[in-house]
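**Student:** Here's a structure for you.
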Amino acid sequence: MQGQRKRRTGVVVSNKMDKTVVVATHRMTRHPLYKKYIKKRVTFKAHDKDNNCQIGDTVLVQETRPLSKQKRWRVIEVLERAI
């Protein structure tokens with residue numbers, strides 16, 4: 001298991017940059033005091049070498065070496081296209 005890279009599934013929220021998309025992932029956490037479930041969102045920039053991702057697409061991204069100041073992820077495949 002050592003050496004495997006992290007993979008995440010998320011939704012593209014921005015594609016305005018060249019060869020870069022912003023991907024958002026959601027997770028549900030429980031509030032420590034009130035025990036209510038809260039939706040947490042984490043966004044990160046991913047490399048899209050062919051510029052084929054559109055806003056709303058569900059994509060699979062994988063951790064990679066640093067590609068720029070903020071890019072640490074790479075788009076592996078588009079799982080579902082936005083309508």
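Read the figures in this text as sums done on the coordinates, not as results from a lab. Everything numeric here is computed off the predicted structure, so don't read it as measured data. For neighbour counting, all protein chains shown are included, and Cβ atoms are generated from backbone atoms with ideal geometry for every residue, glycine included.
**Student:** Tell me, what ³J(HN,Hα) does each residue in the range 7-19 have, in order and in whole Hz, if you take phi through Karplus 6.51 cos²θ - 1.76 cosθ + 1.60 with θ = phi - 60° and put x for Gly and Pro?
**Tutor:** 3J(HN,Hα) across the range 7-19, in whole Hz: 10, 9, 10, x, 10, 6, 10, 7, 9, 6, 8, 7, 6.
**Student:** What percent does the relative contact order of the chain come to when contacts are Cα pairs within less than 8 Å and at least six residues apart? Working shown, then result.
**Tutor:** Working: 179 pairs, mean separation 24.7, N = 83.
In percent, rounded to a whole number, it is 30.
**Student:** Let me ask something else about it. Which option, (1) -0.41, -0.54, -1.24; (2) -0.67, -0.82, -1.27; (3) -0.51, -0.63, -1.15, is the value of log10 I(q)/I(0) by the Debye sum over Cα atoms at q = 0.14, 0.16, 0.25 Å⁻¹ that was calculated from these coordinates?
**Tutor:** After the calculation, the listed value that fits is (3).
**Student:** Moving to a separate point now. Between D18 and R81, how many nm apart are label points set 7 Å from Cα along the C-beta direction?
**Tutor:** 2.6 nm
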